[in-house]
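Below is one structure, written out as C-alpha cells; the observations come after it.
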Amino acid sequence: MSPTVARESLDVEAIRSDFPILHRPLPNGMPLAYLDSAASAQKPRQVIEKLTACYQEFYANAHRGVYQFGVRIDEELDAARAAVQQFIGAAEPEEVIFTSGTTMSINLVAAAWGRKFLSAGDEIVLNEMEHHSNLVPWQQLARERQARLQYIPLTSDGRLDLNRLDEFLTDRTKLVAVTAMSNVLGTINPLDKIIAKAHQHGALVLVDAAQSAPHLHGNVREQNIDFLAFSGHKLFGPSGVGILYGRRELLEAMDPFLTGGGMIDEVRRDESTWAELPAKFEAGTLPVAQAIAMKSAVEYVEAIGFDRIADHERRLLTQAHQQLADIPGLQIHGPDPESKGPIVSFSVDGLHPHDLAQLLDQKGVAVRAGHHCTMPLHNLLGLTATTRASFACYNTTAEVDALAEAVRFARKKFRLA
Amino acid sequence: MSSADYDDLYDDFILDHYESPYHKGHLSSPTCQNAGRNPLCGDHVELELLVNDEGRIEQAYFDGKGCAISQAAASILCEKIEGKTLEEIEQFQAQEMLDLLKVPLTATRQRCGLLGFKVLKSMVYALE
C-alpha cells in the first residue's frame, strides 16, 4: 500500500496552530499533552468559527422560516448533510440522519428497526470489546423481543476470532453490531469479512464508527454497510451532534423513533402520519448550529487527508508501543500496532489507573483512566480499570516522549523499582 | 488551591498507608460488616468491626482493591475509629474524614477518599 512517490507528510505544527486550546497554558504551568482524543477530540478554529458564525450571522430554527435567516439556515443544514453524505460515501443525503450522537443513533436502530423486525428466537451478534453504547441497547432489545445475544470470541491479543465466526453468525442472526475500531484495544476489525458473512446469512450489519471516524476512511456503499453510527465530537466537531446512516430501504421500512414536531406529515387528534426521510427520524429541533459545523469538521479531516493522518498516527503509535514496553511492570492491552488504531491502553503493576492518571496530569499529560465504557471487556481482561492514551493528528512525538517520562515519574513516586 | 497542593497528593502519609495498611484483613467474628464500590473507577472497600456491649469499636479491619487514595483512606479510617463509640461515629462528618487524609482532593477523588467512610456510615445506620 505504500506509494511509489513519497507522500508529503502531515504538517503537525500547522495543524496545531488551528487548535486554540492546545496553546493555552495549564494552571500548573506545564505544557498540555492532550492524549485523550478517543474520549473527545479538540476543535479546530474552523469548526469553532462555523459554530459562532451560525449564532452570530444567520441563526434561526430550521425548516420553519420564510425569512432570510430561515432560508440561509436551511441551505447550511442541507450543505452539512451533503458534506457528511460525501464523507461516508452514502448514495443520498436522505440516508444521513442527524442525531445527538452515536449512542442515540444506535438506540434509534434498536428501537425503530429492532422492535419491528426482531422476533423471539432471533439472534444479535456482538463481541466483548464493544462500547456499552453498542451493547446495552441490543441487550435490552433482546430482552424485550426474547431474542438471543451471541458473542464472537476474542483472541488473546484482542482481535475478533474469525476462525470461530461460523459458530456464532448463523441463519438465526438478524443483526451484527460491530465496532470499526475498539476504543480500548484500538483493534481495527475486518469489516469486509464480517459484512460478507452476515449478508450471506441474511443479516444486517450496524457499524459503530465513533472511534474510527477520524482515523479510517470508510465508504458505506463500497463496504455494503447497512447502518453506520458516529459522533461529531470525536471527529473534531461540536458536542451534541452525531450521525446515523441507514440504507434508504431500511430507513423507510422502519417506524419512527422519537415522535413529535418536525417528523410528521399530518397530525389529527387520534392519529398522525410521518414525514419523508430524513425528517422522519429528526423529531424536534435539531442541534442546528452543531449539525452545520459538522461540515467544517469533515472538511477539516478531508483537507489533511486520511493517508497522511494514518502515517502520522502510526508513527506515534509505534513510538508509544516501543517506549511504554520498555517500562518495567507495564503491560499494553490489545494487538500489535499493525492491527490497531492510535490507542494504547495499559496497566502498570502496583499503580492503579486513577493514581497513574493523576500523576500524569501533574506533568501535563492528559489520559483517561477507568473502564472506558467497556465493562465486559475489562471483565474479560480481569481488570476493573485501565489507563488509556490516544493520539490524533495534532499530537507530536514530543508528547509521546512526555507520556513515557510521566509514567516513569509516577512509578518512582509510588516507590516502584 | 494552588498547583503545588495537587503535587502533594501522593505525599508520604498516603503512600505509607497504601503500602503498609493498618489492619488490612479480616476479623474471625466481626460484629458487623459492609462493603462498597466506587463504580467509576472500580475501587472496592470492605469494612469489619468488632463492637463491644457498650457500643465501643474495639477493632476495625478493612479489605479492598483500588486506587491509593481509596485504600489509604480506608486504612486511615480504621486507625481513627478504633476506640470510638457508635454515637461518636454518627457525629463523624465527611469533611473530618477528608481532613484526616491531609491532602487536598478534587471532587472526583473525594469519592475515592470517602468510600470507606460511606461504607462505615451506612453500616452504623443499619445497626440502629
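Screening A:V267 against (1) modelled with pLDDT of 95 or more; (2) within 22 Å of A:A110 (Cβ to Cβ) leaves a single unmet condition, (2). Listed here are the helices (runs of 4 or more DSSP H) enclosed by segment A:37-150 that have at least 1 residues being surrounded by fewer than 17 Cβ atoms within 10 Å (Cβ to Cβ): A:45-53, A:68-88, A:136-145.
Can you find even one residue in segment B:86-103 that is within 14 Å of chain A (Cβ to nearest Cβ) and without any contact (Cβ under 8 Å) to a residue 60 or more places away in the chain? No, segment B:86-103 contains no residue that is within 14 Å of chain A (Cβ to nearest Cβ) and without any contact (Cβ under 8 Å) to a residue 60 or more places away in the chain. On the stretch given as segment B:84-110, residues that are polar (S, T, N, Q), within 21 Å of A:G370 (Cα to Cα) and surrounded by fewer than 16 Cβ atoms within 10 Å (Cβ to Cβ) total 2. Restricting A:L244, A:L250, A:L216, A:L235 to those that are under 17 Å from the mean Cα position of the chain (by Cα) and surrounded by fewer than 19 Cβ atoms within 10 Å (Cβ to Cβ) reduces the list to A:L216. Only one of the numbered conditions (1) among the acidic types (D, E); (2) more than 23 Å from A:P342 (Cα to Cα); (3) in contact (Cβ under 8 Å) with a residue 24 or more places away in the chain is not met by A:D18, and that is (2).
Looking across segment B:17-36 at every residue that is in contact (Cβ under 8 Å) with a residue 40 or more places away in the chain and not in a loop (DSSP other than H, G, I, E, B), the one that is farthest from the other protein chains (Cβ to nearest Cβ) is identified as B:C32.
Just one residue in the set A:A196, A:A177 is more than 12 Å from A:G341 (Cβ to Cβ) and part of a helix (DSSP H, G or I); that residue is A:A196.
Checked against the criterion of being at negative phi, within 14 Å of chain A (Cβ to nearest Cβ) and not in a strand (DSSP E or B), segment B:46-68 contains one or more residues that satisfy it.
The values are calculated or read from the model by the stated rules, or taken from the named source; none is laboratory data. Model, not experiment: these values are computed from the prediction. In this analysis, Cβ positions are derived from the backbone assuming ideal geometry, glycine residues included, and neighbour counts consider all displayed protein chains.
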